[in-house]
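Any read-out appearing in this document is the output of simple, stated calculations on the displayed coordinates, not a laboratory observation. Predicted, not measured: the structure shown is a model, and the values here were computed from it. Cβ coordinates were reconstructed from backbone atoms using ideal geometry, including for glycine residues, and neighbour counts include every protein chain displayed.
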Ligand SMILES: [Zn+2]
C-alpha cells in the first residue's frame with residue numbers, strides 16, 4: 001500500500017471519529033450539557049449506547065438507522081455529519097503539504113461543521129468554539145508563519161489578526177446596515193463573531209473571498225429553497241452554514257481563484 005493511500009485512509013477514518021464526537025457536541029453544547037460525561041445514550045429511550053453500536057457509519061448501517069433497544073429511528077443527520085467531516089479531513093490532507101498545515105485545516109473544518117449544524121438546529125453559533133478557534137489560529141500562525149504565506153512570525157501574526165478584524169468589520173457593517181434598512185435583525189451577531197474566527201485562520205484576503213463566496217451560495221441556494229419550499233423572506237435562514245461552505249472553498253481553492261481572477265483581468 002502506498003503511503004499516500006495509507007494516509008488518505010487514516011485522515012478519512014480520523015474524520016469519521018471526529019464527526020461522531022462533533023455529533024455529541026452538536027446535541028449537548030446548546031443544551032448546556034457536558035460533552036465528556038455521561039457516555040452516549042439514545043435520546044428517545046435513554047438507554048446507553050454500547051461501543052459496538054457507536055462505530056461511525058458502520059453501526060448506523062448495521063442497525064438500519066434504529067436504536068437497538070427501542071427501535072425508534074436515529075436521525076440520518078448523524079451520518080451526514082460523520083461523512084462530511086471525513087471528506088473534509090481527506091481534502092485537508094490532499095490539499096496540504098505539511099503536518100501543521102493539515103492540523104490547521106482539520107481544526108478549522110471541525111469547528112465549521114460544529115457551528116453549522118448547531119446553527120441549523122438552534123440558530124446560534126457557540127462562543128466557545130469561536131474563541132478556541134481564534135486562539136488556535138493566532139498561535140499557529142505565529143508558530144508557523146508560512147500558514148499565512150509569511151516569512152516571519154510577527155507578519156503572520158499580523159495577517160491572522162487583520163483577517164479577524166477584516167471579517168468582523170465587513171459582516172459587522174452588513175449586520176448594522178441591514179438591521180437599519182430592514183428595521184429588523186438582518187444577521188445575528190453570532191455570524192459576525194464566527195467570521196472573525198474564520199478570518200484568523202484565513203487571513204484578510206481569503207476572508208473577503210469567503211464572504212463573497214458565502215453570499216453567492218446563500219443567494220443561489222436560499223433563492224432555490226424559497227422557490228421549492230415556498231418560504232417567504234420572513235422565515236429565518238441560518239447564515240453560518242453558507243459562511244462555512246464559503247470558507248472551505250476559499251481555503252482550498254482561494255489562491256487559484258484569486259490568481260485566475262487577476263490573470264483574467266490582465267493584472
Ligand atoms: Zn432507544
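Number of residues in region 1-55 that are under 20 Å from residue 128 (Cα atoms) and in a helix (DSSP H, G or I): the value is 14. Out of 14, 90, 33, 61, one residue alone is farther than 22 Å from residue 121 by Cβ and exposed (fewer than 14 other Cβ atoms within 10 Å of the Cβ). It is 61. Total residues in region 132-148 satisfying the condition of being surrounded by fewer than 21 Cβ atoms within 10 Å (Cβ to Cβ) and in contact with a helix residue (DSSP H, G or I) (Cβ under 6 Å, 6 or more places away or on another chain): the figure is 5. For the residues 78, 93, 60, the requirement of being in contact (Cβ under 8 Å) with a residue 40 or more places away in the chain and more than 28 Å from residue 140 (Cβ to Cβ) singles out 78.
Could you tell me which residue of region 45-62 is farthest from the ligand (Cβ to nearest atom), considering only residues that are farther than 24 Å from residue 86 by Cβ and out of contact with any strand residue (DSSP E or B) (no Cβ under 9 Å at 6 or more places or on another chain)?
Taking the candidates together, the pick is 46.
One residue stands out among those in region 63-91 that are out of contact with any helix residue (DSSP H, G or I) (no Cβ under 7 Å at 6 or more places or on another chain) and over 20 Å from residue 18 (Cα atoms): the one that is farthest from the ligand (Cβ to nearest atom), which is 64.
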